[in-house]
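Worksheet: one structure, shown below.
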Amino acid sequence: MENKGYTQDGSVDLRGRPVVASRTGRWKACGFLVGYEAFERMAFYGVAANLVVYLTTQLHEETVSSVRNVNNWSGSVWMTPIIGAYIADTYLGRFWTFTISSLIYLLGMVLLTAAVKFKPFHPKCNADSGHPCPVSSAEITFFYASLYIMAIGAGGTKPNISTFGADQFDDFDPSEHKLKTSFFNWWMFSSFVGGLMATLCLVYVQENVGWGLGYGIPTVGLALSLVLFYVGTPFYRHKLKKAESPIKEIFRVVKMAFVYRRLKVLDSSVLHELEPQQYLNTSKRQLCHSSSFKFLDKASLKESTNPCTVTQVEATKLLCAMFLIWFTTLVPTTIFAQVNTFFVKQGTTLDRSLRHNFQVPAASLGSFIIISTLISIPIYDKIFVPFMKRRTGKPRGITLLQRLGTGFCFMIAVMTVAYFVERKRMGVIKRYGIKDTKETVPMSIFWLLPQYVLLGIGDVFMAIGLLEFFYEQSPEGMQSLGTTFFTSGVGVGNFMNSLLVTAVNTITTSGGRKSWIGNNLNDSRLDYYYAFLIVLSVVNFGVFVWIARWYKYKREVGEGVVEKRGVQMEGKVMDANAIDDYLGEKM
């Protein structure tokens, strides 16, 4: 097979035939996927960025209710990928799961466009007119049904499209493996290009031309991107689905460890493992034994009946360790949930006027997150990584967890800046005696700019780092499900923000007191809520550092971490000759 130029990782085409490496995969295939991602992100952010404004101005919801509904929908969009990833890894594969889900996603966008465009589906009057403007339950139901159809479709697209893109690179080919290290950076780059178009252009169209056109443009773009995706079908590589469900293997390990919990593990020699040649014959990867979560080793004791293999146990350990890291991502993603809720609501209270009576849409400030990210990604990839690589000897410059920790620090800085900007806004309100919710605070909206820029820079470390971390550390055959650690973290973060907003509002209004986050932000104490998030973030960062100190990276026979002669390599356990060859190249 090698003489015919087939891929070394066993990739196949859509019909299950081995693929020729030179004709498929790599950036030749990823170009079509990146095109879809840009349009899909434009559609998503075209809805999400300004959703809180639509809910308050068109459906006339209160502040707390609109923030809660935005967070609940966003949380659903990021949580449904758990189901989509399971279906892909266990039953349909990534390509077909994505295909079905993308059509559902498109249906949701079409219905949502109808909900805001056609008279039978949306409110008939303008709340700004001062007249009562009731919204029927049918209108509300149709709108939210459209939103949640989108969420269902996102469940099968989000975890599979990025993972499918990473599958286009052969890990056993050194040149392709090197290309893959930059894939997630440029994948997110295309994602942010789509988001930039949404926050710069679509939100302006929505507020100044019409919501129907503002939602219709990304709907058409999404449809065209699907056509683009299928044009690239002949160039795609597909991973063979394993006969055994990886999830079933995980549950079996936990069950066996519990059944034989009273037995003792003296050393690794008493553990059951297949011969390395068996892994080579089946194109599977063998994991090295680790000392973490030792109680799970009992599932692979040779003296037990039908023991699990060390590799199966190590895969379970990886998921347990990844879950602990996932837990520490919830507070930072809660901070990011402020972007489409309170940050936008803050912006609507400030002076948004520019020359010639042009009003900056509050949601458009989100474009600066994307702009700063787009600027930062090439700097990170082309300057920061090579610089740190020379200093540390690590292929990525810094480790995956160091990248996450840096991102978490940026999130703390974001909330600190947001707190002081809100304090200044409250000072201006007090100075001018502003009380009414419709009064404009004489303070430029661009005071909010620093927190948006910091979010964009932090995203290069946190969001991209999380996506790369959960993909790289996932057990074999579970990359789609592993990627949902990232998406579900964002989802739970949105749900947490919804829960915190509801709890804070309930607690602060008890006894007839004024809410920190009432309908009138000019007469609220949003700064107190931001201070509360700062404290949570600092505590969470301490927990992250504690967990990261004992975290063990995935190590495979043939791939892992090895140290020799002062040189550390992430992702490779090599024999002595291979190490000498590597050192020779470095010298």
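So which residues in the range 83-96 are modelled with pLDDT of 85 or more and farther than 18 Å from SER11 by Cα? Matches in the range 83-96: ILE83, GLY84, ILE87.
In this structure, does GLN346 turn out to be under 17 Å from the mean Cα position of the chain (by Cα) and surrounded by 20 or more Cβ atoms within 10 Å (Cβ to Cβ)? Spell out the reasoning first.
Values: under 17 Å from the mean Cα position of the chain (by Cα): no; surrounded by 20 or more Cβ atoms within 10 Å (Cβ to Cβ): yes.
When the stated conditions are applied, GLN346 does not pass them.
Give the residues of the range 474-506 that are surrounded by 21 or more Cβ atoms within 10 Å (Cβ to Cβ) and not in a helix (DSSP H, G or I), sorted by residue number. SER474, PRO475, GLY477, MET478 - these are the residues of the range 474-506 that are surrounded by 21 or more Cβ atoms within 10 Å (Cβ to Cβ) and not in a helix (DSSP H, G or I). Restricting attention to the range 106-135, the residues that are at pLDDT 80 or above and open to solvent by 10 Å² or more (accessible area, probe 1.4 Å) total 9.
Give the range 507-518 a look and list any residue that's in contact with a Ser or Thr (Cβ under 9 Å, 6 or more places away or on another chain) and open to solvent by less than 80 Å² (accessible area, probe 1.4 Å), or say none. THR508, THR509, SER515, TRP516, ILE517, GLY518 - these are the residues of the range 507-518 that are in contact with a Ser or Thr (Cβ under 9 Å, 6 or more places away or on another chain) and open to solvent by less than 80 Å² (accessible area, probe 1.4 Å). Looking across the range 539-556, the residues that are surrounded by 15 or more Cβ atoms within 10 Å (Cβ to Cβ) and either out of contact with any Leu (no Cβ under 7 Å at 6 or more places or on another chain) or at pLDDT below 90 (or both) come down to ASN540, PHE541, PHE544, LYS552, TYR553, LYS554, ARG555, GLU556.
For the range 420-467, a tally of residues being open to solvent by 20 Å² or more (accessible area, probe 1.4 Å), at pLDDT 90 or above and not in a helix (DSSP H, G or I) returns 2. Pairing residues of the range 145-167 that are closer than 16 Å to PRO475 by Cα with residues that are at pLDDT 90 or above and of a type in the set (Gly, Ala, Ser), at Cβ distances under 8 Å and at least 6 apart in sequence or on separate chains, gives ASN160/SER101.
For the range 299-354, which residues satisfy the criterion of being free of Cβ contacts under 8 Å to residues at least 24 places away in the same chain and closer than 30 Å to GLU62 by Cα? Passing the criteria: SER353, LEU354.
The set of residues in the range 223-274 that are at pLDDT 85 or above, assigned to a loop (DSSP other than H, G, I, E, B), among the hydroxyl-bearing types (Ser, Thr, Tyr) and under 26 Å from the mean Cα position of the chain (by Cα) contains only TYR236.
With the structure loaded, tell me whether SER498 is more than 22 Å from GLY153 (Cα to Cα) and not basic (Lys, Arg) or whether it fails that test. Considered against the rule, which asks whether it is more than 22 Å from GLY153 (Cα to Cα) and not basic (Lys, Arg), SER498 comes out as yes. Here is the figure for the range 368-411: residues that are outside any helix (DSSP H, G or I) and under 20 Å from ALA321 (Cβ atoms) total 4.
The test for being surrounded by 20 or more Cβ atoms within 10 Å (Cβ to Cβ) and assigned to a helix (DSSP H, G or I) holds for VAL414.
For the range 148-179, the set of residues classified as aromatic (Phe, Trp, Tyr) and either surrounded by 24 or more Cβ atoms within 10 Å (Cβ to Cβ) or under 30 Å from VAL110 (Cβ atoms) (or both) consists of TYR148, PHE164, PHE169, listed by residue number.
Which residues, counting only those in the range 193-222, are open to solvent by 40 Å² or more (accessible area, probe 1.4 Å) and either assigned to a helix (DSSP H, G or I) or under 14 Å from MET42 (Cα atoms) (or both)? Explain how you work it out, then say what you get.
Just the residues of the range 193-222 that are open to solvent by 40 Å² or more (accessible area, probe 1.4 Å), to begin with: 193, 197, 200-201, 204, 207-209, 213, 217, 220.
The answer is VAL193, MET197, LEU200, CYS201, TYR204, GLU207, ASN208, LEU213, ILE217, VAL220.
Scanning the range 360-380 for residues that are modelled with pLDDT under 85 and open to solvent by 20 Å² or more (accessible area, probe 1.4 Å) yields one hit, LEU374.
Restricting the search to the range 519-532, which residues are assigned to a helix (DSSP H, G or I), open to solvent by 10 Å² or more (accessible area, probe 1.4 Å) and of a type outside the set (Gly, Ala, Ser)? Scanning the range 519-532 gives ASP523, TYR528, PHE532.
When the residues of the range 383-394 are filtered to those that are closer than 17 Å to HIS177 by Cβ and over 23 Å from the mean Cα position of the chain (by Cα), the one that is most open to solvent (accessible area, probe 1.4 Å) is LYS389.
The values are calculated or read from the model by the stated rules, or taken from the named source; none is laboratory data. From a predicted model like this one, the values you see are computed outputs, not experimental measurements. Cβ coordinates were reconstructed from backbone atoms using ideal geometry, including for glycine residues, and neighbour counts include every protein chain displayed. SASA here: full protein model, heavy atoms, side chains in, ligands and nucleic acids out. Shrake-Rupley method; radii C 1.70, N 1.55, O 1.52, S 1.80 Å.
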